[in-house]
Each structure stands twice: as C-alpha cells, then as structure tokens.
Amino acid sequence: MKITVVGSGYVGTVVAACFAFLGHEVIGVEVDPGRLAMLEKGRAPFHEPGLDTLLADEVGAGRLTFTGDIGEAAARAAVVFLSVGTPSGLNGNPDLTALDAAVRTLGGALNGPTTIVTKSTVPVGTNQWVQSLIEDEMSARGLDDISVPMAANPEFLRVGTAIEDFLHPDRIVVGADDPIAQTTMRALYEPIVQQQFPQPSPAPRAVTVEYVETTLSTAELIKYASNSFLAMKISFINEIAQICDRVGADVTQVAEAMGMDHRISPQFLRAGLGWGGSCFGKDLTALATTAREHGFEPPLLQAIGAVNDYQRLEVVRKLQAHLGTLRGKRVALLGLAFKPDTDDTRDAPATQIAAKLRQLGAVVVGHDPVVTSLPDERQLPILADPYEAVQRADAAVIITEWPQFGTLDLKRMANLMHGNLIIDGRNVLNPAEAIRAGLVYEGIGRGGTLGSPRRRVSDV
C-alpha cells in the first residue's frame, strides 16, 4: 500500500520506518531542510535505539523516501497519516496551527479517494474538523464526489522502545465512522495483530495484540485518558514517597508490595522526581481543558499536575536541608534527558531543577550519556564524563535513571567530590554501597539521610 506520513518528528519517523519495514511504499514529509537531509541519508535527527539501522535499511531498499513537498507526497498515497506537532497552546488546548496548514495543503493536493489518519494527539472533535476542512478545499476545486474517509489512530510509542512498541504493541486503537476507513486500517494492521512478519533482531517479547475499533471521538479521548492515568500513578507514588520520608518508611518496598496486586500492577509505581517529556503534561492539560469546556471542573486532573510540580523541586529542598545556603555551592546533575535512552529534554525535570539552583546562586554542571546541549536559554556546562562532572562538587544529584548510573564507582566519586552528598533522585543506587563508599546518601522516599557528612579543613 502507498502511504504518506506528514511530519517526520519522533512519531512520524518511527511510523514511516516501521510501515516500510512491513513492506509498504512509504513517503515521509519533512519541511525542515536540515532534518530532511539527514532522513534522506537514512539517519534520524534524534536518538532512538535501533531507528538509525531501520531507517538505513528501508531507505536503502527503496521502500522509504522523504520529501519536503506535502502535496506531491499526498497525491500519490492511498493513506495519509498526519503526525505533525500539537504543542500546548495558551488556552490549555493543543496548538493546531501546524495541523491546519498540513490539512489545507492536503485538501489542495488530493485527486482521488484517500484515507486520512490522525496520529497526532488532538482534542475530541478534531477529526471531524479535519475532514470538513479537506472536503471544503477539494470542493473548491470541483472534487465534491471524491471520498476522504477519516480514522483516528492514536500512538502509544514510548521513547526508548518505540520500534518494539509499534511492532509488538499491547493494543492498537482505531477510531473510524466510515466503513472504507475501517477496512483500510484493518488491512494495514493485520500483520501486526497476527504478528505475522519477519521479526527484527533481537527476538521480541511474546505479545497478544488487541485491536480496538471504536468511534472517532472515543479514539481521540482514549489517548488523553491513558496518558493522564499513567501520570496519576507516578504522582500517586511520589506523594507516598513524601510520606515515607517523614515516617521512616521505604517507598521502594511499599511500591513493590503494592504492585504485586494484579489490580494495581508495578508499572509506573517508581518514585522519583516526577514525569517529563512532551506528552504527559500536555495531554493532562488538554484533557482538563476539554472537561472545563464542557462544564466540568476536574479536581483529580488538577491534583496530578500539582503533585508533579512539587516533586520536581524535592531535590532543591533536600540540598538546602543539607548544605544550607546554595550560593557558591557546586552541584553536579547526572542525567539531563527526561528519561533514559533518549536525547529528548522537553519538559525534563533537570532543566527546571538547574534553573532553580542557579537562581539560588549554585554553580551547576551536568552530565548525560546522550544529551550534549540544551536550548540556549537553559545552557549549562555539560561534561562528557560523570567523574569529571562530580569533581570538586559539594553534591551530586541523579536526575535520570540511566542504567550506567547504577554502576558508578561510588568510592571514586567520593574521593573526587569536595563534599560527599549524593541525592538519588531516581532510587537507582544501593544505599548501603553508597555509605560504604563514604557518601551521604538520600533517595526519594527511602526514609531520610544515611551516612555521615564529610568534614574538610575548609569546613572547620
């Protein structure tokens, strides 16, 4: 099947590459010349494990191409996926400016029956608006009789495991009110539902894929509800962590026991510094805005975001409790991406924490295995080696749960630091090992401070 994917950001690039891998003829649209040049060479303009290899293979095989011309790409397609960015707008709803522009271009380019599929996360009712806009543009060209069926197909890709999530999902959600769109989407996803395609290496986990077919509006809401629920679980366990620190309990054991209940499950019950990234906050805000627009004030949705905002600055409060004033103190932040296996720093806790620390007069340096720079307004020295980052530091803070941080040479860190305080913001270290290495250890919700502060001559 000939497929066009409009928007070659994170989601669009993964979708285009994976459909090409399944044997379809795919054109990805990218309007940024620099990003387009990379994609044409089979290279992703962002970090995602396995994606560069997949892109190179599919571009090399001729199944995947990229262009900057939306109209040209769409005119040749049987199915067009819309995967443009929908960032939060000033009113809480997503900003649909990019989607509007793409849709108008589509309406001016389509010449035959084409199924239009929204991958972008959009408010309830957006798909009907998209269809009307395309039909109006086509009608202006005298093409009233051409069918443009719509489908809503929200993505559930996780940064760091996106290829596996596409090929081996828990479920596929398709909203479609038109029989043609329903038939087209079933055909597209049948190999994945049946798990009948050449499996990439390494061998995937065994999955049973649920295919959920529903209405356009219901599919739109499913994405928002899913992300809001996951954000709620994280905020819940972080609130429990606050209680644990005050009563001397260990949140890691609390969460483990809670997760043994199949009704709860252990997923997303890991205390830390809150969620970040481009999805949870945006989707939570959009869902709350939708509720208000329909006459309902959602207290729980508001509380989820408030807990997360508070939790992000827990690191600062802990540093102040140990160091007193932070003015002139050197603090090393380990991990700048919002989660491991990505270079994505959008709404990353590290950027907010760094800004607050500098506001309080601290000298802040960072280290991340993948992130090498931050947006201009949030720049800070980023060192390639974690031990260089902690050298002469009064305190080190683990912000992102990169696996490599769990195997750091803690004795070496203690010897390099001016102080010996480590705040384990993701509970990745063994507290006993940290103490034996000579560090003062404090995690999140692990019962308080462990170890003895170092006294240096300069402190006496």
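The values are calculated or read from the model by the stated rules, or taken from the named source; none is laboratory data. No experiment lies behind these values; they were computed from the predicted model shown. Because the Cβ atoms are built from the backbone with ideal geometry, glycine has one as well, and the counts that use them run over all protein chains shown.
For the range 113-151, name all the residues that are within 25 Å of the chain's Cα centre (by Cα) and at negative phi. Please lay out each step first, then the result.
First, the residues of the range 113-151 that are within 25 Å of the chain's Cα centre (by Cα): 116-127, 151.
Once the filter is applied, which keeps residues that are within 25 Å of the chain's Cα centre (by Cα) and at negative phi, the range 113-151 yields Ile116, Val117, Thr118, Lys119, Ser120, Thr121, Val122, Pro123, Val124, Thr126, Asn127, Ala151.
What number of residues within the range 391-408 are buried (at least 18 other Cβ atoms within 10 Å of the Cβ) and either farther than 24 Å from Asp344 by Cβ or basic (Lys, Arg) (or both)? Spell out the reasoning first.
Initially, the range 391-408 is screened for residues buried (at least 18 other Cβ atoms within 10 Å of the Cβ), giving 393-402, 405, 408.
Add one more test, that the residue is either farther than 24 Å from Asp344 by Cβ or basic (Lys, Arg) (or both), and what stays is 393-395.
Residues in the range 391-408 being buried (at least 18 other Cβ atoms within 10 Å of the Cβ) and either farther than 24 Å from Asp344 by Cβ or basic (Lys, Arg) (or both): 3 in total.
Taking Ser147, is it of a type in the set (Ser, Thr, Tyr), surrounded by fewer than 18 Cβ atoms within 10 Å (Cβ to Cβ) and in contact with a Pro (Cβ under 8 Å, 6 or more places away or on another chain)? Step through it out loud before you land on a result.
Working: of a type in the set (Ser, Thr, Tyr): yes; surrounded by fewer than 18 Cβ atoms within 10 Å (Cβ to Cβ): yes; in contact with a Pro (Cβ under 8 Å, 6 or more places away or on another chain): yes.
When the stated conditions are applied, Ser147 passes them.
In the range 173-197, what count of residues is obtained for those that are crowded, with 21+ Cβ neighbours inside 10 Å and out of contact with any Ser or Thr (no Cβ under 6 Å at 6 or more places or on another chain)?
Keep residues of the range 173-197 that are crowded, with 21+ Cβ neighbours inside 10 Å, which gives 173-176, 181, 184-185, 188.
Then keep just the ones that are out of contact with any Ser or Thr (no Cβ under 6 Å at 6 or more places or on another chain); that gives 173-174, 176, 185, 188.
Looking only at that region, the number is 5.
Take the conditions out of contact with any His (no Cβ under 6 Å at 6 or more places or on another chain) and closer than 19 Å to Leu157 by Cα and apply them to Pro113. Does it pass?
On the way: out of contact with any His (no Cβ under 6 Å at 6 or more places or on another chain): yes; closer than 19 Å to Leu157 by Cα: no.
Criteria not met by Pro113.
Can you name the residue in the range 289-304 that is in contact (Cβ under 8 Å) with a residue 40 or more places away in the chain and under 21 Å from Glu239 (Cα atoms) and is also surrounded by the fewest Cβ atoms within 10 Å (Cβ to Cβ) among such residues?
Here the residue is Leu300.
Residues to consider are Asp394, Asp409; find the one that is acidic (Asp, Glu), closer than 22 Å to Ala321 by Cα and more than 24 Å from the chain's Cα centre (by Cα). Break it down stepwise before answering.
On the way: Asp409 fails: closer than 22 Å to Ala321 by Cα.
From the options Asp394, Asp409, the qualifying one is Asp394.
If a residue must be part of a strand (DSSP E or B) and surrounded by fewer than 20 Cβ atoms within 10 Å (Cβ to Cβ), how many such residues does the range 409-438 contain? Break it down into steps so the answer makes sense when it comes.
First, pick out the residues of the range 409-438 that are part of a strand (DSSP E or B): 421-424.
Subset that is surrounded by fewer than 20 Cβ atoms within 10 Å (Cβ to Cβ): none.
Final tally of qualifying residues: 0.
Taking the stated definitions as given, is Ala384 aliphatic (A, V, I, L, M), in a helix (DSSP H, G or I) and free of Cβ contacts under 8 Å to residues at least 24 places away in the same chain? Show your work before the answer.
Working: aliphatic (A, V, I, L, M): yes; in a helix (DSSP H, G or I): no; free of Cβ contacts under 8 Å to residues at least 24 places away in the same chain: yes.
For Ala384, the condition - aliphatic (A, V, I, L, M), in a helix (DSSP H, G or I) and free of Cβ contacts under 8 Å to residues at least 24 places away in the same chain - is not met.
For the range 258-266, indicate whether the set of residues that are charged (D, E, K, R) and closer than 30 Å to Gln379 by Cα is non-empty.
First pass over the range 258-266, keeping only residues charged (D, E, K, R): 261, 263.
Checking the rest, the ones that are also closer than 30 Å to Gln379 by Cα come to none.
No, the range 258-266 contains no residue that is charged (D, E, K, R) and closer than 30 Å to Gln379 by Cα.
Across the range 306-357, which residue is nearest to the chain's Cα centre (by Cα) among those that are assigned to a loop (DSSP other than H, G, I, E, B), of a type in the set (A, V, I, L, M) and farther than 15 Å from Val159 by Cβ? Even if it seems obvious, please write down each step before you answer.
First, the residues of the range 306-357 that are assigned to a loop (DSSP other than H, G, I, E, B): 313, 324-329, 335-348.
Pick out the ones that are also of a type in the set (A, V, I, L, M) and you get 313, 326, 336-337, 348.
Narrowing further to those that are farther than 15 Å from Val159 by Cβ: 313, 326.
Values: Leu313: 20, Leu326: 31 Å.
So the residue we want is Leu313.
Are any of the residues in the range 198-212 surrounded by 13 or more Cβ atoms within 10 Å (Cβ to Cβ), under 28 Å from Ile116 (Cα atoms) and in contact with a Cys (Cβ under 9 Å, 6 or more places away or on another chain)?
no
I need the full set of residues from the range 99-118 which are within 13 Å of Ile70 (Cα to Cα), surrounded by fewer than 24 Cβ atoms within 10 Å (Cβ to Cβ) and in contact (Cβ under 8 Å) with a residue 40 or more places away in the chain, in order please.
Across the range 99-118, the qualifying residue is only Ala102.
Do any helices (runs of 4 or more DSSP H) lying entirely in the range 1-97 carry at least 3 residues that are under 21 Å from Leu110 (Cα atoms) and of a type outside the set (D, E, K, R), and which ones are they? Quick ask: steps written out before the conclusion?
Details: elements: 10-21, 33-40, 51-61, 70-75.
Output list reads 70-75.
Mind checking whether some residue in the range 257-278 is surrounded by 14 or more Cβ atoms within 10 Å (Cβ to Cβ), of a type in the set (Asp, Glu) and not assigned by TED's automatic domain parsing to the domain that holds Ile398?
no
Tell me, which residue of the range 315-372 that is among the β-branched types (Val, Ile, Thr) and surrounded by fewer than 18 Cβ atoms within 10 Å (Cβ to Cβ) is nearest to Ala396 (Cα to Cα)?
In the first step, residues of the range 315-372 are kept if they are among the β-branched types (Val, Ile, Thr); the result is 315-316, 325, 331, 342, 345, 351, 353, 363-365, 370-372.
The next check asks that each one be surrounded by fewer than 18 Cβ atoms within 10 Å (Cβ to Cβ); those that pass are 325, 370, 372.
Values: Thr325: 16, Val370: 19, Thr372: 19 Å.
Among those that are among the β-branched types (Val, Ile, Thr) and surrounded by fewer than 18 Cβ atoms within 10 Å (Cβ to Cβ), it is Thr325.
Just to verify a result, which residue in the range 387-418, among those that are touching a residue at least 24 places away in the same chain (Cβ under 8 Å) and among the hydroxyl-bearing types (Ser, Thr, Tyr), is nearest to Phe338 (Cα to Cα)?
Thr400
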